[in-house]
Amino acid sequence: MAIRNVCKIDIDNEILRKKSKIVKNFDEKLAELLDDMKETMIKNYGMGIAAVQVGVLKRVIVIECNNMFLELINPEIIKEEGEDIDTEGCLSVGNVKGYVKRPMKVTVKAQDRLGYDFTITGEKYLARVLCHEIDHLNGVLFVDKMIKKCGENE
Ligand code: CO
């Protein structure tokens with residue numbers, strides 16, 4: 001495993017804005033990418049990370065939830081319910097935190113590192129992180145959707 005460099009909006013905006021590609025090969029290279037993403041996320045105190053944030057344009061995300069690590073390959077939101085406004089930050093965006101409206105609950109279908117299909121339903125925090133990371137795969141950052149920055153006047 002290795003810690004990879006995290007792309008930042010001020011210098012790597014071009015790659016962060018690209019659409020990531022569907023993963024077709026569930027091989028050793030994918031496993032290594034997942035392990036490195038996990039290590040990189042932990043090292044940077046992140047709660048989620050998308051492959052594009054380490055400069056790899058593949059539809060791969062890793063999320064930490066309740067001390068468990070979730071790996072989602074080719075994730076796709078298949079159901080959304082409700083609304084929830086809360087704060088977000090991002091390893092690629094520096095110190096800015098802000099309020100973003102997300103669904104209260106989402107169901108996502110994805111594949112695991114071996115290529116097996118699964119679905120996961122998340123509420124509140126997990127729904128938020130899933131949406132945030134899936135946005136990364138489409139070149140979208142939370143600052144694009146931010147209602148207001150934390151600490152800004154009402
Ligand atoms: Co992010």
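The values are calculated or read from the model by the stated rules, or taken from the named source; none is laboratory data. Treat the numbers as computed from the prediction; the structure is a model and nothing was measured. Please note: Cβ atoms are built from the backbone with ideal geometry, for glycine as well, and neighbour counts cover all protein chains shown.
Key figures
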{"read-out": "Residue that is on the phi < 0 side of the Ramachandran plot, hydrophobic (A, V, I, L, M, F, W, C) and in contact with a helix residue (DSSP H, G or I) (Cβ under 8 Å, 6 or more places away or on another chain), where the choices are Val129, Val143", "value": "Val143"}
{"read-out": "Residue that is modelled with the lowest pLDDT, among those in the stretch 95-119 that are outside any strand (DSSP E or B) and in contact with a helix residue (DSSP H, G or I) (Cβ under 7 Å, 6 or more places away or on another chain)", "value": "Val96"}
{"read-out": "Per-region count, the stretch 1-20, residues in a loop (DSSP other than H, G, I, E, B) and farther than 13 Å from Cys90 by Cα", "value": "9"}
{"read-out": "Pair list, Cβ < 6 Å and 6+ apart or interchain, from the stretch 90-112 residues that are within 18 Å of Val52 (Cβ to Cβ) to residues that are among the small types (Gly, Ala, Ser)", "value": "Leu91/Gly46"}
{"read-out": "Asp117 under 23 Å from Lys21 (Cα atoms), without any contact (Cβ under 8 Å) to a residue 12 or more places away in the chain and within 14 Å of the ligand (Cβ to nearest atom)", "value": "no"}
{"read-out": "Considering residues of the stretch 44-68 that are more than 18 Å from Asp12 (Cβ to Cβ) and out of contact with any helix residue (DSSP H, G or I) (no Cβ under 8 Å at 6 or more places or on another chain) only, the residue nearest to the ligand (Cβ to nearest atom)", "value": "Tyr45"}
{"read-out": "Residue within the stretch 126-137 that is in contact (Cβ under 8 Å) with a residue 40 or more places away in the chain and either loosely packed, with under 14 Cβ neighbours inside 10 Å or assigned to a loop (DSSP other than H, G, I, E, B) (or both) present", "value": "no"}
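Table: residues versus (1) crowded, with 21+ Cβ neighbours inside 10 Å; (2) under 24 Å from Lys97 (Cβ atoms); (3) among the polar types (S, T, N, Q); (4) at pLDDT 95 or above.
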residue: Val23; (1), (2), (3), (4): no, no, no, yes
residue: Asp35; (1), (2), (3), (4): no, no, no, yes
residue: Thr40; (1), (2), (3), (4): yes, yes, yes, yes
residue: Tyr45; (1), (2), (3), (4): no, yes, no, no
residue: Ala51; (1), (2), (3), (4): yes, yes, no, yes
